[in-house]
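Trainee: Right, I'll just put the structure down here and ask away after.
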Amino acid sequence: MMTSSPLPASTNQRIDGARLWDLLMDLAQIGATPKGGVRRLTLTEVDRRGRERFRTHCEAAGLAVRVDAIGNMFARRPGRDPARLPVLMGSHLDSQPSGGKFDGALGVLAGLEVIRSLNDLAIETAAPIELVNWTDEEGSRFGHSLMGSGVWAGVYPLAKVEALTDAEGISVKQALDGIGFAGPERAAAFPADAYFELHIEQGPILEREGRTIGIVTGAQAQVWYDAVCTGRDSHAGTTPPSMRRDALVGAARVIALVDRLMRARGEDGRGTVGQLVVVPNSRNVVPGEVRFSVEFRHPDDTQIAELARDFPALARAEADAAGVALELTELFRIPAQPFDCGCIDLVRQAAARLGYPAREIVSGAGHDAVYVARHVPTAMIFTPCKDGLSHNEAESILPEEAAAGCQVLFEAVLARANRAL
Ligand SMILES: [Zn+2]
């Protein structure tokens, strides 16, 4: 999907797309699944091997690697001017249990390719450049996504996160120690000039429109709930309608409400019930309890504020109509996070200079960049993925799409690191 536009005069400095692809395929061997995906759960032995491979590559490229207390890895390439703050780039190397080869890995390894290209081209930047591998972006082992960037950004206290346990009762702290990645650095935001994260879109828009680059302008607002409908278990064959207090019927009404509220907000609305636990889950028992998740997302803060205000009462009315109780707990509400105009502009200019078809896009998924953006001017670059599919072993991108994203990352980072102050 790359265009054949001639290179503009402003640059002839190209990253090595084939070398980047080799790096992606090489890392994908670590935790490779039979169906062509990756299982590299955070802070496991497989994650350790991925991290060690990454460290080896960084050191071979002349970078000094530091590790902080939550296992975030920082690899610095010095700049000419020691007074300048570093320009950061990166993403994450952990994956979902049956994840793809590119979610996260693309951003980290493209950053490595940027460094290698700077080295090959003997480019000295004014500001240092620092490549980051954030710990546990996915949240699938300890139930807490954006862990490393969240601790770094001060959103989550380190001690609280260290105490979280996985399904086998192993704590984050034990897991960090177990793979030797509880580093000596303090896990806290340090001053930085900018942060750029390249990531696959994980959605269908770029592919559908034939665009190579997504200029990510920010991330959408979210509100998440835990819900419990409580009725009464009773015999499916003997309980007449007037006596039933069916928790699943109540939950079904709430689920339909979530869908209605989403659709009332047009194509930008998102509303999902993705988890449902029916108790006792027996075919001849009227269910007495149903636990489920609810989440809404929207690019516009006011829409999420409106939902957070109205949804609980509307949901309770649905449960009431089914004769069951509803307990709703708001887990968290994240405001929309706009990215930095200056950083977005560098991405936009790079894509235009290179002649890549591009569009502005709001991130539908959570990313480390969303928390980093609370402290550091931030932008993201999206590249397409086949059928918009991600968190799936079949996740797939084209080598030229990876190269295009990496080239835009290269130009944006280089421009930022050499900007006039
Ligand atoms: Zn990711």
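Trainee: Which one, Gly154, Gly231, Leu164, projects farthest toward the positive side of the charge dipole computed for region 145-251 from Cβ point charges (K/R +1, D/E -1)?
Mentor: Gly231
Trainee: Would you grab the residues whose amide H sits under 5 Å from the one on Cys385? Only those 5+ places off in sequence or on another chain, please, with H modelled 1.01 Å from N.
Mentor: Counting only residues 5 or more places away or on other chains, the set is Glu201, Gln202, Gly203, Glu207.
Trainee: Can I ask one more? On a 0 to 90 degree scale, rounded to 10, what angle separates helix 247-263 from the longest Cα axis of the chain?
Mentor: Its long axis makes an angle of about 40 degrees.
Trainee: Modelling each spin label as a point 7 Å along the Cα-to-Cβ direction, I'd like the Arg49/Ala420 distance in nm, to one decimal.
Mentor: Result: 5.2 nm between the two label points.
Trainee: Then there is this: What angle, in degrees between 0 and 90 and rounded to the nearest 10, separates the Cα long axis of helix 17-28 from the longest principal axis of the Cα atoms of the chain?
Mentor: Tilt of helix 17-28: around 40 degrees.
Trainee: For the chain, I need the span (max minus min coordinate) of the C-alpha atoms along each principal axis, in Å, sorted largest to smallest.
Mentor: 80, 45, 41
Trainee: Now, a different point. Could you please report the charge total around Val294, scoring K, R as +1 and D, E as -1 over all other residues with beta-carbon less than 10 angstrom from its beta-carbon? Don't skip to the answer; put the middle values down first.
Mentor: Details: positive: none; negative: Asp226, Glu295, Glu330.
Its environment carries a net charge of -3.
Trainee: Per residue, how many Å² of accessible area does region 158-312 show with a 1.4 Å probe? List each step's numbers first, then the result.
Mentor: Working: 7610 Å² over 155 residues.
About 49 Å² of surface per residue is accessible.
Trainee: So, in Å, what gap is there between the alpha-carbon centers of region 352-421 and region 87-163?
Mentor: Distance between centres, Cα-based: 13 Å.
Trainee: OK, next. Under the 0.36 nm per residue contour assumption, what length would be gained going from the current alpha-carbon distance of Asp301 and Arg359 to full extension?
Mentor: Numbers: separation 58, 0.36 × 58 = 20.88 nm, distance 2.18 nm.
Difference between extended and current length: 18.7 nm.
Trainee: Give me the percent of the accessible area of the chain that comes from carbon and sulfur atoms, probe 1.4 Å, all protein chains in place. Write out the running numbers ahead of the final one.
Mentor: Numbers: 8970 of 17470 Å².
Answer for the chain is 51 percent, counting heavy atoms of protein chains only.
Trainee: Also, quick follow-up: Under the classification rounded if a/c is under 1.5, otherwise prolate if a/b is larger than b/c and oblate if not, where does region 124-216 fall, given a ≥ b ≥ c as square roots of the Cα gyration tensor eigenvalues? Don't skip to the end; give the middle numbers.
Mentor: Values: a/c = 2.64, a/b = 1.39, b/c = 1.90.
It is oblate, given that a/c is not under 1.5 and a/b is not larger than b/c.
Trainee: Determine the gain in length on full extension of the stretch Val279-Arg80; use 0.36 nm per residue of separation and subtract their C-alpha separation, reporting nm with one decimal.
Mentor: Answer, rounded to one decimal: 65.3 nm.
Trainee: Another question, if that's okay. Shape of region 3-116 from its Cα gyration tensor (a ≥ b ≥ c, root eigenvalues): rounded if a/c is under 1.5, otherwise prolate when a/b > b/c, or oblate?
Mentor: On the way: a/c = 2.38, a/b = 1.24, b/c = 1.92.
Here region 3-116 falls in the oblate category.
Trainee: Let me ask you something else. Accessible area per residue, 1.4 Å probe, Å², for region 329-370: what's the number?
Mentor: On a per-residue basis, 42 Å².
Trainee: Normalising by the residue count of the chain, find the relative contact order in percent from Cα pairs under 8 Å and 6+ residues apart.
Mentor: Working: 974 pairs, mean separation 102.9, N = 421.
So the answer I get is 24 percent.
Trainee: Of the lysine pairs in the chain, how many meet both conditions: Cα atoms under 17 Å apart, and a spacing of 8 or more in sequence or different chains?
Mentor: 4
Trainee: Now for a separate question. Once fully extended, how much extra length lies between Arg374 and Arg270, figured as 0.36 nm per residue of separation less the alpha-carbon to alpha-carbon distance?
Mentor: Working: separation 104, 0.36 × 104 = 37.44 nm, distance 2.36 nm.
Gain on extension, Arg374 to Arg270, equals 35.1 nm.
Trainee: Which whole-number percentage describes the relative contact order of region 94-169, with Cα contacts under 8 Å and a sequence gap of 6 or more? Display every interim value, and only then the final one.
Mentor: Numbers: 52 pairs, mean separation 17.9, N = 76.
Value for region 94-169: 24 percent.
Trainee: Still on this structure: Can you give me the relative contact order of region 211-304 as a percent, contacts being Cα pairs under 8 Å and 6 or more apart?
Mentor: Details: 167 pairs, mean separation 39.5, N = 94.
Relative contact order here is 42 percent.
Trainee: Can I ask one more? Quickly estimate the mean residue ellipticity at 222 nm for the chain, helices only: each DSSP H run with n ≥ 4 gives -39500 (n - 2.57), and the total goes over all residues, rounded to 500.
Mentor: On the way: 12 runs with 143 residues, N = 421.
Computed ellipticity for the chain at 222 nm equals -10500 deg cm²/dmol.
Trainee: Here's something else I'd like to know. Taking the Cα atoms only, what angle lies between the long axis of helix 341-354 and the longest principal axis of the chain, rounded to 10 degrees?
Mentor: 60 degrees
The values are calculated or read from the model by the stated rules, or taken from the named source; none is laboratory data. This structure is a prediction, so every number in the text was calculated from the model and none was measured. So basically every Cβ, Gly included, is an ideal-geometry build from the backbone, and we count neighbours across all protein chains shown. Keep in mind that these areas ignore ligands, DNA and RNA; they rest on the heavy atoms of the full protein, side chains included. Shrake-Rupley method; radii C 1.70, N 1.55, O 1.52, S 1.80 Å.
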